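Participant: Dropping a structure here in structure tokens format, bear with me for questions.
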Ligand code: HEC
Ligand code: HEC
């Protein structure tokens with residue numbers, strides 16, 4: 001009697017399991033996904049483990065910075081979900097990590113937010129940076145700020161990107177007259193901005209003076225003689241590490257796209273229907289990467305030092321194209337793990353993801369009523385809320401966001417549930433990626449446990 005009972009229960013459980021596994025995706029949502037050409041994310045293949053190992057060392061090694069005080073990980077730390085938790089990044093001369101990071105004397109913030117670098121290994125990527133100033137592909141070639149000075153031999157656009165933080169004075173290179181953390185002159189800072197090749201040459205020279213790197217380069221590039229190595233080889237290795245470390249395809253959404261209907265809660269399914277339907281998010285956050293890789297002016301509040309000739313404003317893509325439609329326009333960010341990567345927008349204007357959604361639904365109202373209290377005081381003092389700036393930003397507002405629908409609270413909650421479903425639980429704690437030491441012997445940035453409570 002008892003065993004029959006158990007058999008019955010087991011039978012029911014199996015039947016339910018089969019029903020679930022065999023069920024198809026919500027047909028309405030499935031249709032929307034087809035229309036938006038949303039396919040499951042394909043993991044990039046063929047990463048070379050020797051390159052990944054070299055790249056990991058380089059990513060965490062402050063030897064790549066002029067003053068030996070900043071590494072890629074300073075602003076894209078695994079313990080901070082590949083970002084820095086700051087609205088605007090703090091580069092050369094800064095101290096500390098994450099929200100504890102403070103600026104050095106007489107330095108300015110980096111004009112933009114450090115983006116997360118999740119899933120950048122996909123073959124579909126053809127833009128880098130908030131203004132896509134690096135763009136192109138292996139097939140058609142790359143457009144970059146270095147023009148013809150860019151060497152050849154890149155594996156991926158991500159490797160091309162890695163050539164630029166090291167030449168940027170405020171991110172890694174430093175200013176003329178700087179001394180490094182040992183009090184020695186910063187030789188990288190003395191080189192002309194017009195000749196990035198000298199910086200790249202000096203950096204590979206720096207690296208190959210270190211025994212640990214000689215070995216790592218030899219393992220990663222057994223066929224390239226040492227005197228033929230350039231910084232592009234370092235950049236390819238950094239990209240290989242970024243792809244190995246920061247590719248995540250285990251979010252409920254990714255599992256859903258691979259056919260597991262029950263991976264999404266009913267709220268998240270409703271959110272997905274809104275995202276690709278009524279709320280029109282999928283028009284710009286489109287395709288598998290959730291970005292059209294185009295630029296849109298959403299009238300995100302302006303603050304900070306501003307960028308290049310437009311300072312104290314940051315006019316975004318306009319600096320690259322000179323087109324009115326690109327004024328204040330920034331590249332649509334991808335959204336995988338977005339719940340982990342605040343503050344959000346190209347300058348970290350919002351600490352709340354709900355505010356980000358509300359901003360999209362009514363940019364004008366959110367811009368006019370922007371509350372600077374969420375910013376660090378030194379940044380709120382730089383807020384450009386005067387009517388001339390506000391009116392100018394609104395004049396060039398992306399036409400598409402002028403027609404966003406009004407949503408009920410419940411719909412916003414459903415969208416939030418969808419954004420939450422883009423989070424891979426495995427991406428939450430990445431502290432295992434931080435090496436104990438790097439070949440230069442310079443200290444590696446690790447998170448004080450307190451930082452994580454952010
Ligand atoms: C001082 C902080 C800082 C440092 C150091 C830094 N980055 Fe960044 N990173 C940023 C900021 C800010 C941006 C966005 C800049 C922009 O769009 O104008 C960015 C953009 C990127 C992007 C572009 C992502 C995308 O999709 O557009 C990648 C990839 C990246 N960084 C990797 C690196 C690597 C690799 C290094 C080391 C060689 C590095 N970063 C060093 C702050 C930093
Ligand atoms: C017109 C194109 C467009 C539409 C439609 C759109 N977005 Fe965006 N989204 C962007 C752009 C561009 C940014 C960055 C703007 C900036 O920083 O200046 C952005 C930023 C975001 C961010 C912040 C991501 C980050 O890493 O900082 C989230 C979250 C987001 N959008 C979600 C949504 C949702 C949800 C919807 C639908 C309600 C939506 N978007 C509709 C273009 C769009």
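No lab work stands behind these numbers, since they all come straight from the coordinates. Fair warning: this is a prediction, and the values are worked out from it, not measured in the lab. Quick reminder, even Gly has a Cβ in these numbers, built from the backbone with ideal geometry, and neighbours come from all protein chains shown.
Participant: Hey, how many Å between the Cα centroid of segment 69-142 and the Cα centroid of segment 168-200?
Facilitator: Taking the Cα centre of segment 168-200 as reference, the centre of segment 69-142 is 19 Å away.
Participant: If you take the square roots of the eigenvalues of the alpha-carbon gyration tensor of segment 88-140 and sort them as a ≥ b ≥ c, do you get rounded (a/c under 1.5), prolate (a/b over b/c) or oblate?
Facilitator: Numbers: a/c = 3.89, a/b = 2.37, b/c = 1.64.
Prolate shape, in that a/c is at least 1.5 and a/b is the bigger ratio.
Participant: Taking neighbour counts of Cβ atoms within 10 Å as a proxy for exposure, in what order, fewest first, do 402, 51 appear? Before the final figure, lay out each step's value.
Facilitator: Details: 402 11, 51 24.
Fewest-to-most Cβ neighbours within 10 Å comes out as 402, 51.
Participant: I need the P(r) histogram for segment 87-176: all alpha carbon pairs, bin width 10 Å from 0 out to the longest distance, whole percents.
Facilitator: Once binned at 10 Å, the Cα pair distances of segment 87-176 give 15, 42, 30, 12, 1.
Participant: Still on this structure, please answer the following. Where does each of 176, 63 land when they are ranked from fewest to most other beta-carbon atoms within 10 angstrom? Walk me through the numbers before you get to the answer.
Facilitator: Numbers: 176 9, 63 20.
Sorted ascending by nearby Cβ count, the order is 176, 63.
Participant: Also, quick follow-up: Does anyone have the angle between helix 211-220 and the longest principal axis of the chain? Alpha-carbon axes, 0 to 90°, nearest 10?
Facilitator: In the chain, helix 211-220 runs at an angle near 50 degrees to the longest axis.
Participant: Can you give the percent of C-alpha pairs in the chain whose distance is more than 39 Å?
Facilitator: Values: 24604 of 102831 pairs.
Beyond 39 Å sits 24 percent of the P(r) for the chain.
Participant: Given N residues in segment 252-425, what is Rg(Cα) / (2.2 N^0.38 Å)? List each step's numbers first, then the result.
Facilitator: Numbers: Rg = 16.6 Å, N = 174, 2.2 N^0.38 = 15.6 Å.
Cα-based Rg divided by the globular estimate yields 1.07.
Participant: Right, another one. When the helices in the chain are scored as -39500 (n - 2.57) per DSSP H run of 4 or longer and the sum is shared across all residues, what 222 nm value do you end up with, to the nearest 500 deg cm²/dmol? Mind dumping the intermediate values first?
Facilitator: Working: 16 runs with 151 residues, N = 454.
Result for the chain, helices only: -9500 deg cm²/dmol.
Participant: Same structure, new question: Ranked by Cβ crowding within 10 angstrom, fewest neighbours first, how are 283, 388, 249 ordered?
Facilitator: Working: 283 14, 388 8, 249 17.
The fewest-first ordering by Cβ neighbours comes to 388, 283, 249.
Participant: Can you classify segment 189-332 as rounded, prolate or oblate using the Cα gyration tensor, where a ≥ b ≥ c are the square roots of its eigenvalues, rounded means a/c under 1.5, and otherwise it's prolate if a/b beats b/c and oblate if not? Don't skip to the end; give the middle numbers.
Facilitator: Details: a/c = 3.53, a/b = 1.39, b/c = 2.53.
It is oblate, given that a/c is not under 1.5 and a/b is not larger than b/c.
Participant: Express in whole angstrom the spacing between the alpha-carbon centres of segment 204-259 and segment 344-398.
Facilitator: Cα centroid of segment 204-259 versus Cα centroid of segment 344-398: 37 Å apart.
Participant: What's the angle, to the nearest 10 degrees (0 to 90), between helix 49-60's Cα axis and the longest principal axis of the chain?
Facilitator: It is inclined by approximately 70 degrees.
Participant: What do you get for Rg/Rh over segment 341-454 if you use C-alpha atoms and the Kirkwood form of Rh? Write down the numbers at each step before the final one.
Facilitator: Details: Rg = 19.0 Å, Rh = 17.6 Å.
Checking Rg against Rh, the ratio lands at 1.08.
Participant: Work out, step by step, the length gained on full extension between residue 378 and residue 139: first 0.36 nm times the residue separation, then minus their alpha carbon distance; give nm to one decimal. Walk me through the numbers on the way to the answer.
Facilitator: Values: separation 239, 0.36 × 239 = 86.04 nm, distance 4.46 nm.
Once the chain is fully extended between residue 378 and residue 139, it gains 81.6 nm.
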